[in-house]
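The values are calculated or read from the model by the stated rules, or taken from the named source; none is laboratory data. Note that the structure is predicted; figures quoted are calculated from it, not measured. Here the Cβ is made from the backbone with ideal geometry for all residues, glycine too, and neighbour counts use every protein chain on show. Calculation scope for accessible area: heavy atoms of the full protein, side chains included, ligands and nucleic acids excluded. Shrake-Rupley method; radii C 1.70, N 1.55, O 1.52, S 1.80 Å.
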Amino acid sequence: MEALNLNPTTTPKSCLPKTYFLKAPLLPCTFKPKFSPHNCQIHRRSFKKTPFSLTTACKLKTPQDNKKNNTKSNKIAKQIILSEGEPPPLAEESGGAGGSEEAPAKLGSGSGVMGLVKRLPRRILSVLSYLPLAIGEMFAIAGLMALGTFIDQGEAPDFYFDKYPESNPVLGIFTWRWVLTLGFDHMFTSPIFLALLALLGASLMACTYTTQIPLVKVARRWNFLQSSEAINKQEFSESLPRASIQDLGVVLMGAGYEVFLKGPSLYAFRGLAGRFAPIGVHLAMLLIMVGGTLSATGSFKGTVTVPQGLNFVIGDVMGPIGFLSKPTEAFNTEVHVNRFYMTYYDSGEVSQFYTDLSLLDLEGKEVLRKTISVNNPLRYGGITIYQTDWSISALQVLKDNEGPFNLAVAPLKINGDKKLYGTFLPVGDVNSPDVKGISMLARDLQSIVLYDQEGKFAGIRRPSSKLPIEIDGTKVVIVDAIGSSGLDLKTDPGVPVVYAGFGALMLTTCISFLSHSQIWAIQDGTAVIVGGKTNRAKGEFPEEMNRLLDRVPELVNSSLSRQSDSIVG
């Protein structure tokens, strides 16, 4: 600070620097610092023939000095912050090569999950937050998931005895003992899979607590560098020989930067959201894992095949999957199959099959009715009913104008994935040990093939056509083919959590690609020393800085003199 000559006829200039927070439009500063004799040191100068004079040298107090002497007589000038919104917490630092971004931040007391993480020993936190460990955990989980798709899930033990026998182990070692002992027959609820999920969750929380949160707290500080040497050590540095630091601040504001001025020093940043995004990514992954765990341990599942016209109670066909499965009131709901029908392609193949369902409460009142099909389920009270399969349960026929009789239909095994169902209409004495009759085969609900007592082809009839056919002296009419609807019922409390986690993961991943850029500058006489760095887009950052610096106007001598006086004064 240059010395000031005291003169009774001249008002002394303030020895305290002015501080601005630039936010367009610029507002006039109305702050008037008080001149205190305690802040000045007075020195006598010897003279011969000149009048007696005094020279004062002002000594600025630092924030550290203010903490030591927090009295009314030793107050320092406060910063003037002109902003449209509430500013982030202020933490000033002088010097330093990089804004001390890697400096440890003081963490506040946490609560909830993060509070539990904070209470863990430091050594455990450092091990859990070790990046290679987290990557290994993710690979192990992915391997178990792939193994779970390879091994049939939820089958009886006899199935694994036959498929993975000890006499012929897979890869020479893998037998049914591996599957049943490690719980690979229910992979996604097995202890080893859930333990790996818990370990990965602990690693994510430890990394968030020890690395991401401190980085964000440091990034939110206003870091003023007070020397040109510190600024020149940044990733990008440049010198503007004839420029004003306030003009630089206006240019940076136009580029979307938050700009702060403190005397001859400037600090600006942009893209702070990119610093918060990694925390969001970790939280989104935790949501996905929590949702998956809820689905694996708190769900119900059931399968039922119901003929047209019959009912079933949801709770009678649903079974718990995990130890967190709890039934709800919706389990008392009764489901009635009003109708089952199909649509066909021109080739005669089945195109789609539909089931008209009614849901009835305990009093028999219909609470919901919907026709479901494949990929169009019914949802009620957290329960989802899917259309997954179909079959034929019975043929309704007239025999010599008697009946109708319901003939039970049985599925027949054939090669491939084609379906075939058969039934038998006895002719003559039904109590005879050598009873004979008419055989009927159906591959769907639109046509029935009939054979006589000798097994010879007799004809084809469509259900509901009411066209009789006479076989071996017996007149037969196919009245109807009664279909059965194959339904899968499921509760999955983790689905909303998983969807929310994936949505948050996509959003935060995109935000994490935003660059967090920081710029420092200092007025050094008539020159402005500028430096900056960014965490991403390191190739584009110097080009952007050069474009911005080219827009800073060059000042003439008179303007530079006035600007220098305004900064010093």
For Phe300, the accessible surface traced by a 1.4 Å probe with all protein chains present amounts, in square angstrom to the nearest 10, to 10
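For the full complex of protein chains and a 1.4 angstrom probe, list Arg551, Arg275 by accessible area with the highest value first. Numbers along the way, then the final one.
Working: Arg551 140, Arg275 35 Å².
Ranked list, largest accessible area first: Arg551, Arg275.
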For Asn232, what is the net charge nearby, where nearby means another residue's Cβ is under 14 Å from its Cβ and Lys, Arg count +1, Asp, Glu -1? -2
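At 1.4 Å probe size, put Tyr354, Tyr345 in order of accessible surface, largest to smallest. List each step's numbers first, then the result.
Working: Tyr354 60, Tyr345 130 Å².
Reading off the accessible areas and sorting them downward yields Tyr345, Tyr354.
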For segment 254-318, what size does the Cα cloud have along each of its three principal axes, sorted from largest down, in whole Å? 85, 24, 12
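My understanding is that a pair violates if its Cα-Cα distance is over 23 Å; which of Lys301/Lys326; Lys418/Lys490; Lys399/Lys456; Lys217/Lys262; Lys233/Lys262 do that in this structure?
On the way: Lys301/Lys326 12 Å; Lys418/Lys490 27 Å; Lys399/Lys456 19 Å; Lys217/Lys262 21 Å; Lys233/Lys262 20 Å.
Where the Cα-Cα span goes over 23 Å, the pairs concerned are Lys418/Lys490.
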Proximal charge balance of Ser464 [Cβ under 15 Å; K/R count +1, D/E count -1]: +2
Give me the 1.4 Å probe accessible area per residue for segment 301-391, excluding ligands and nucleic acids, in Å². 57
Find the centroid of the Cα atoms in segment 283-316 and in segment 419-434, then give the distance between the two in whole Å. 41
Would you work out what percent of the accessible area of segment 402-481, with all protein chains in place, is carbon or sulfur (probe 1.4 Å)? 51
Output ordering of 201-212, 360-371 (per-residue mean of other Cβ within 10 Å, highest first) is 201-212, 360-371
I'd like to know which of Gly473, Gly403, Met440 lies farthest towards the positive end of the charge dipole of segment 402-481, counting +1 on Cβ of Lys and Arg and -1 on Cβ of Asp and Glu. Met440
What share of Cα pairs, in percent, lie more than 19 angstrom apart in segment 402-481? 36
Scan segment 439-471 for trypsin sites (Lys or Arg not before Pro) in coil per DSSP, keeping those whose Cβ has at most 11 other Cβ atoms within 10 Å, and list them by number. Lys456, Lys466
Tell me, what is the Rg over Rh of segment 259-409, with Rh the Kirkwood radius over Cα pairs? 1.32
Reported to the nearest 10 Å², Thr189 has, with a 1.4 Å probe, an accessible area equal to 40
Excluding Gly483 itself, calculate the net charge of residues whose Cβ lies under 13 Å from the Cβ of Gly483, where each Lys or Arg counts +1 and each Asp or Glu counts -1. -1
Set of aspartates and glutamates near Lys475 by C-alpha distance (under 17 Å), chain-local residues within fewer than 8 positions excluded: Asp400, Glu402, Asp429, Asp452, Glu454
List the trypsin sites (Lys or Arg not before Pro) in segment 487-537 that DSSP assigns to loop (not H, G, I, E or B) and whose Cβ has at most 16 other Cβ atoms within 10 Å. Which are they? Arg536
Apportionment of accessible area to carbon and sulfur, segment 122-167, percent (1.4 Å): 67
Cα-Cα pairs above 19 Å in segment 149-276: how many percent? 70
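Just reorder Lys217, Lys399 by solvent-accessible area, largest first, 1.4 Å probe, all chains present. Each step should come with its number before you reach the end.
Values: Lys217 80, Lys399 45 Å².
I get Lys217, Lys399, largest accessible area first.
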